[in-house]
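For reference, the structure discussed in these notes is given below.
The values are calculated or read from the model by the stated rules, or taken from the named source; none is laboratory data. In this text, all values refer to a predicted model and were calculated from it rather than measured experimentally. When we count neighbours, we look across all protein chains shown, and the Cβ atoms used for this are built from the backbone with ideal geometry, even at glycine. Heads up: the accessible areas ignore ligands, DNA and RNA and are worked out on the full protein's heavy atoms, side chains in. Shrake-Rupley method; radii C 1.70, N 1.55, O 1.52, S 1.80 Å.
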Amino acid sequence: MATERTLSIIKPDATRRNLTGKINAVFEDAGLRIVAQKRMQLTEAVAGAFYAVHKDRPFFGDLVSFMVSGPVVVQVLEGENAVLKHRDVMGATDPKKAAPGTVRAQFAESIEANSVHGSDSPENAANEIAFFFSQIEILP
Ligand code: RTP
Ligand code: MG
């Protein structure tokens, strides 16, 4: 299994409750390495561009408003099978359906304020990493 990278975002509901360290511990305990990380305030333009794939979904406006409601922590995680491994430890989108022990089961407030984002394929991961990071910011 090759080493892979994925784009992770710790969302505003989690930074507001000071959960960055606890969430990072879940990732590191799962064998994921944080090879880049920065705390940012997204603008509506940036959040809208990042979530452009969802622009026709009914929740798009609310999602963009939520994502700019406070700082986020954007990260590159590296490890074997990182995309799937990260999705596994995040848990289902809706915290009511997330498996026990996952980040969303432990920390998410709702289906929208669900604490974390993770890329859903290696192709999207490459695009999402390039959206936020330049090569020299990623330190394996
Ligand atoms: P993410 O992209 O953030 O990693 O989450 P995901 O793949 O599990 O979920 P996705 O379907 O891609 O949805 C993106 C984000 O939109 C918000 N959402 N709200 N109100 C709703 O029904 C609803 N559905 C999704 C969540 O913040 C979700 O993570
Ligand atoms: Mg998604």
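What the table shows:
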| item | result |
| --- | --- |
| Rg and Dmax of segment 3-137, Cα atoms only, in Å | 13.6, 39 |
| Chain lengthening between Lys97 and Phe59 when straightened (0.36 nm per residue, less Cα-Cα) | 11.8 nm |
| Cross-link partners of Lys22 among lysines (Cα-Cα below 28 Å; sequence separation of 8 or more within a chain) | Lys11, Lys38, Lys85, Lys96, Lys97 |
| Within the accessible area of the chain (1.4 Å probe), percent carbon and sulfur | 52 |
| Sequence-distant residues sharing a close amide H with Gln37 (under 5 Å, placed H) | Val76 |
| Sum of side-chain charges, Ser119 neighbourhood, beta-carbon under 15 Å (Lys, Arg +1; Asp, Glu -1) | -2 |
| Cβ-based net charge around Arg17, under 11 Å, with every Lys or Arg adding one and every Asp or Glu removing one | +1 |
| Nonlocal amide H pairs with Ser115, under 5 Å, H built at 1.01 Å | Lys11, Asp13, Ala14, Glu109 |
| Point-charge dipole on Cβ atoms (K/R +1, D/E -1) for the chain, about Cα centre, debye to 20 | 320 |
| Per residue solvent-accessible surface (Å²) - segment 3-137, probe of 1.4 Å | 51 |
| Calculated from backbone phi, Karplus (6.51, -1.76, 1.60) coupling profile of segment 35-43 in Hz, x at Gly/Pro | 9, 7, 7, 8, 8, 9, 9, 6, 9 |
| Zone of Ala126's modelled label, taken as backbone nitrogen in segment 1-25 under 12 Å from a point 7 Å along Cα→Cβ | 5 |
| For Thr102, distant residues with modelled amide H under 5 Å away | none |
